[in-house]
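Here is the structure we will look at.
The values are calculated or read from the model by the stated rules, or taken from the named source; none is laboratory data. Every value quoted in this text rests on a predicted model; they were computed, and no experiment measured them. Here Cβ is always computed from backbone atoms with ideal geometry, including for glycine, and neighbour counts include all displayed protein chains.
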Amino acid sequence: MRKRFVTDPENQLWDNTHKNKRYSNRVFSLLDSDRVLEKVKMSLRNSLNCNSAVRALIPGCGSNPNLQVCCREVLGNLVTIDALDWSQEAIDISKAQTDRLGIDVTYFRQSYYDLSLTESSYDVIIVSNAIVSQSNANNVLAMTNLAKLLKPGGHFMGFFPSPFNMLDYALTNPNARKWITSGTVDVENRMIHEDNFGIQRFFSPLELYRLLKDIDLQVDVFELFFYDDHRFARQISELYHLSYDPGFCFWGYFINTTKK
Ligand SMILES: C[S@@+](CC[C@H](N)C(=O)[O-])C[C@H]1O[C@@H](n2cnc3c(N)ncnc32)[C@H](O)[C@@H]1O
């Protein structure tokens, strides 16, 4: 039976972000980058048998439908795509787009802290910067709950932000140096304090690597991924009120793992 959805302040923040700030158009989504999408497609091709039926889950799908598009493109008509987000607004925006493209996706409004999906039935779970609570306990819970939904041999793959990315930028851009003293980048707590997204707590590489192993995911790929795309450089300069530097890239982690 479907659980009743209970909202919390972080959920409301995301709902408002999607609703009021026209999130899909205004703030960067990694999923508008061809480099990012190519990485996902290549990993899907390398990890899954595209000639058999595959069940895919996209948690924290947000309003950008490009992961759903990638799944369909690589895995063809035999793929069943489920996507979930705790923001109804995000789901509505995303669904309108996948409907328009004729891609069949089942959307669930759920929090991955409290899932009513329980079966270990997915062949692949793909995340794109979607484990972003300000609470480490929530982020660990999200990963633990999601990993349980994979079949043995299934893949958990995707992109994770790093707390050290903004530190790195603060160290290499004099105009961002103040982020360290102002507390925007809180290294000790691995937290980022942003005007637009509130506080987010990200995993250090070792924290994430150890967590993946703890939740029975064999780590096949764990690499730094540079979001080297001039559109991100432009959006970041607008977002953080910094002068435009076309050489600027955000970076984060890309992982691909197999459920034991
Ligand atoms: C940074 S956005 C990324 C959206 C999308 N994956 C993309 O790359 O464009 C994070 C998304 O995760 C969703 N989210 C955050 N915490 C969640 C939770 N506990 N359960 C479900 N969705 C969540 C937010 O509503 C938001 O849509």
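Of Asn129, Asn173, Asn165, Asn145, which residue is under 30 Å from Ile236 (Cα atoms) and within 10 Å of the ligand (Cβ to nearest atom)? Exactly one residue qualifies, and that residue is Asn129.
Pairing each residue of the range 109-121 that is within 15 Å of the ligand (Cβ to nearest atom) with any residue that is part of a strand (DSSP E or B), provided the two are 6+ apart or on different chains, yields C-beta distances under 6 Å for Gln110/Leu84; Tyr112/Pro59.
For the range 227-260, the set of residues classified as part of a strand (DSSP E or B) and over 15 Å from Asp168 (Cα atoms) consists of Phe254, Ile255, Asn256, Thr257, Thr258, Lys259, listed by residue number. Here the condition is being within 18 Å of Leu150 (Cα to Cα) and either surrounded by fewer than 20 Cβ atoms within 10 Å (Cβ to Cβ) or modelled with pLDDT of 95 or more (or both); of Leu101, Leu115, it holds for Leu115 alone. Output the residue which, of all residues in the range 168-210 that are in contact with a strand residue (DSSP E or B) (Cβ under 9 Å, 6 or more places away or on another chain) and within 17 Å of Met143 (Cα to Cα), is modelled with the lowest pLDDT. Taking the candidates together, the pick is Gln200.
For the condition buried (at least 17 other Cβ atoms within 10 Å of the Cβ) and farther than 20 Å from Ile81 by Cβ, what is the one hit in Thr172, Thr144, Thr184? Working first, answer last.
Numbers: Thr172 fails: buried (at least 17 other Cβ atoms within 10 Å of the Cβ); Thr144 fails: buried (at least 17 other Cβ atoms within 10 Å of the Cβ).
Answer to the check: Thr184.
Selection of the range 227-260 for residues being loosely packed, with under 14 Cβ neighbours inside 10 Å and modelled with pLDDT under 95 yields His230, Arg231, Glu238, His241, Ser243, Tyr244, Pro246, Gly247.
Within the range 108-125, the set of residues being over 19 Å from Ala53 (Cα atoms) and either among the acidic types (Asp, Glu) or within 18 Å of the chain's Cα centre (by Cα) (or both) comprises Phe108, Arg109, Gln110, Ser111, Tyr112, Tyr113, Asp114, Leu115.
Against the definition (surrounded by fewer than 12 Cβ atoms within 10 Å (Cβ to Cβ) and at pLDDT 95 or above), how does Glu38 come out, yes or no? Yes: the conditions hold for Glu38. Ile91 meets the conditions (1) of a type in the set (A, V, I, L, M, F, W, C); (2) touching a residue at least 60 places away in the same chain (Cβ under 8 Å); (3) buried (at least 20 other Cβ atoms within 10 Å of the Cβ) in every case but one. The failed one is (2).
Considering only the range 51-110, state which residues are of a type in the set (Asp, Glu) and outside any strand (DSSP E or B).
Looking only at the range 51-110, we keep the residues that are of a type in the set (Asp, Glu), and these are 73, 82, 85, 89, 92, 99, 104.
Within the range 51-110, Glu73, Glu89, Asp92, Asp99, Asp104 meet the criteria.
Listed by position, the helices (runs of 4 or more DSSP H) contained in the range 136-226 that have at least 1 residues being within 16 Å of the chain's Cα centre (by Cα) and within 19 Å of Ile58 (Cβ to Cβ) are 136-147, 205-214. Filter the range 62-91 down to the residues that are within 13 Å of the chain's Cα centre (by Cα), farther than 19 Å from Glu38 by Cβ and modelled with pLDDT of 95 or more, then identify the one that is nearest to the ligand (Cβ to nearest atom). Here the answer is Asp85.
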